[in-house]
1. Mind checking which pairs have a first residue in the range 224-246 that is within 22 Å of Ser324 (Cβ to Cβ) and a second that is among the small types (Gly, Ala, Ser) and outside any helix (DSSP H, G or I), Cβ under 7 Å, 6 or more apart or different chains?
2. Which residue is surrounded by the fewest Cβ atoms within 10 Å (Cβ to Cβ), if the candidates are limited to the range 290-324 and must be outside any loop (DSSP other than H, G, I, E, B), at pLDDT below 90 and of a type outside the set (A, V, I, L, M, F, W, C)?
3. Looking at the range 325-341 only, could you name the residues that are surrounded by fewer than 17 Cβ atoms within 10 Å (Cβ to Cβ) and either within 17 Å of Ala96 (Cα to Cα) or not basic (Lys, Arg) (or both)?
4. Sort through Leu247, Leu212 and tell me the only one that's in contact with a Ser or Thr (Cβ under 8 Å, 6 or more places away or on another chain), under 22 Å from Val407 (Cα atoms), surrounded by 16 or more Cβ atoms within 10 Å (Cβ to Cβ) and of a type outside the set (Phe, Trp, Tyr).
5. Step by step: first the residues of the range 138-157, then only those that are farther than 19 Å from Ile32 by Cβ and hydroxyl-bearing (Ser, Thr, Tyr), then the one that is surrounded by the fewest Cβ atoms within 10 Å (Cβ to Cβ). Which residue is that?
6. Out of Gln365, Gln398, report the one residue that is at pLDDT 65 or above and surrounded by 15 or more Cβ atoms within 10 Å (Cβ to Cβ).
7. With the structure loaded, tell me whether Ile115 is among the β-branched types (Val, Ile, Thr), part of a helix (DSSP H, G or I) and either more than 19 Å from the chain's Cα centre (by Cα) or surrounded by fewer than 23 Cβ atoms within 10 Å (Cβ to Cβ) (or both) or whether it fails that test.
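The values are calculated or read from the model by the stated rules, or taken from the named source; none is laboratory data. Remember, it's a predicted structure, so these values are computed and weren't measured experimentally. So basically every Cβ, Gly included, is an ideal-geometry build from the backbone, and we count neighbours across all protein chains shown.
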Amino acid sequence: MEERPRKNFLQRWWRSILLFLSVFGPATITAIADNDAGGVATYSIAGAKLGYPILFLLPILTLLLGVTQEMGMRLTIITRRGLADLIREKFGVRAALLMFGALLFANIGTLVTEISAVKVTSGMFGIPEIPAIIFIVALSFWVITRGSYKFTQNIMLFASLLFVVYIFSAFKAQPDWGEAISNLVYPHGVDFTPGYMREYLIIGLGVLGTTLTPWGQFFISSFAYDKKIEKGKVHLSQMETYWGAFLTDFFSFFMIVATATTLYKNGIALDSGEQAALAIEPFAGKLASTLFSVGILNAGFMGLVIVSLTTAYAFAEFFGVSGSLDDDFKKSKTFFVLYGFQLVVAMLIVLIGKFNLFQIAVVTQMINAIALPLVFYYLLKLANDENLMGEYKNNPFQRWFTTIASVVIFIASLVAVYSAIFAPV
């Protein structure tokens, strides 16, 4: 008699796992992709310049990321429409043009950062820079145009797994785990001088900016729509958004710990993530340095695919053309051409080398500073609409939390841009 209840329990448990796996992918990939090459650089610099206290921001950012991306995921599954498609329909063509123009320009700036990271990091492995860049761009194009939704999702999930290299790098650095973990609760262990607090504010805003991005909000919506998740499984997708938010900052934790332990403790400042890979070697060993470099290359590749795909998805939705990873090239020609066009433009900017990459990053950040609260405004208006969402509309906590967060992010982004231009760290 006891065997039957146990068997029924196992069957229900296994069925629940299969149901969860049927929706798994979009939220996890979107969240992990926030840790692109630019994100790795930001977290590395934060750890090297601020030490463990910057870890205090991670739980707050995890909640912010989970709440906002859950909203976008829920909106798409319930309405069977992508965010960009809904913005065009509900707010008009002008709003669509404004948002797409800002997204395209900012995303190309982000792609330049990704390819620049590939350029620098490939040299650390003794690989010629130009062939490495051409190869990674060609690979990114091939993954999308010669694959399918399932193939692309599996490649991105595999790339997400490679972020475990940062865990190994952190353990090799032999950190004070008690101090690191306790800084998640309250910042301590350093001398909080006025100069330190100024850097904490500016770099902390950079950490905020690399975690919450306009492209992330569009991508999770479009990728979930392309997966064709059923309305009855929305609760499973909601669970995944919070899992993805946790996972991305879980890896960020180890990036910061690796650099805080080796570089901040020894007074070595950084300007890029690639420098971190080299700088930690004397303290954590060759393996830790190599793994950190592999992580940057992987993050750059993942960023190239996801950010380019975001723009292509948004164009298809904003302007009503066909665009799906399951379509062949002929059916979604504009979608695939735009995807490749971004990669080529970003590659040429990096290879020509006559542009100030720092200025490109600043301009990109300025556009994101303006665009993100606007994206949240549209997202809130849509997800609050009872006629559109029915019983799945936002609850009071989601409305107020995201509204307050939007105001804080807008102010913080403007301060970060001002500081980067007029008072760089």
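1. Every condition considered, the pairs that remain are Tyr225/Gly82; Asp226/Ser324; Lys227/Gly25.
2. Thr290
3. Initially, the range 325-341 is screened for residues surrounded by fewer than 17 Cβ atoms within 10 Å (Cβ to Cβ), giving 326, 328-331, 333-334, 337, 341.
Passing the criteria: Asp326, Asp328, Phe329, Thr334, Val337, Phe341.
4. Working: Leu247 fails: under 22 Å from Val407 (Cα atoms).
Going through Leu247, Leu212 in turn, just one is in contact with a Ser or Thr (Cβ under 8 Å, 6 or more places away or on another chain), under 22 Å from Val407 (Cα atoms), surrounded by 16 or more Cβ atoms within 10 Å (Cβ to Cβ) and of a type outside the set (Phe, Trp, Tyr): Leu212.
5. First, the residues of the range 138-157 that are farther than 19 Å from Ile32 by Cβ: 138, 141-142, 145-146, 148.
This time we only want the ones that are hydroxyl-bearing (Ser, Thr, Tyr), so: 145, 148.
Numbers: Thr145: 16, Ser148: 14.
Checked the range 138-157; the qualifying residue surrounded by the fewest Cβ atoms within 10 Å (Cβ to Cβ) is Ser148.
6. On the way: Gln365 fails: at pLDDT 65 or above.
Answer to the check: Gln398.
7. Numbers: among the β-branched types (Val, Ile, Thr): yes; part of a helix (DSSP H, G or I): yes; either more than 19 Å from the chain's Cα centre (by Cα) or surrounded by fewer than 23 Cβ atoms within 10 Å (Cβ to Cβ) (or both): no.
When the stated conditions are applied, Ile115 does not pass them.
So that you can scan it fast, the table gives a plain yes or no per residue for (1) basic (Lys, Arg); (2) without any contact (Cβ under 8 Å) to a residue 60 or more places away in the chain; (3) more than 20 Å from Thr213 (Cβ to Cβ):
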{"residue": "Leu64", "(1), (2), (3)": "no, no, no"}
{"residue": "Ile87", "(1), (2), (3)": "no, no, no"}
{"residue": "Gly92", "(1), (2), (3)": "no, yes, yes"}
{"residue": "Phe100", "(1), (2), (3)": "no, no, no"}
{"residue": "Val120", "(1), (2), (3)": "no, no, yes"}
{"residue": "Glu129", "(1), (2), (3)": "no, yes, yes"}
{"residue": "Ala138", "(1), (2), (3)": "no, yes, yes"}
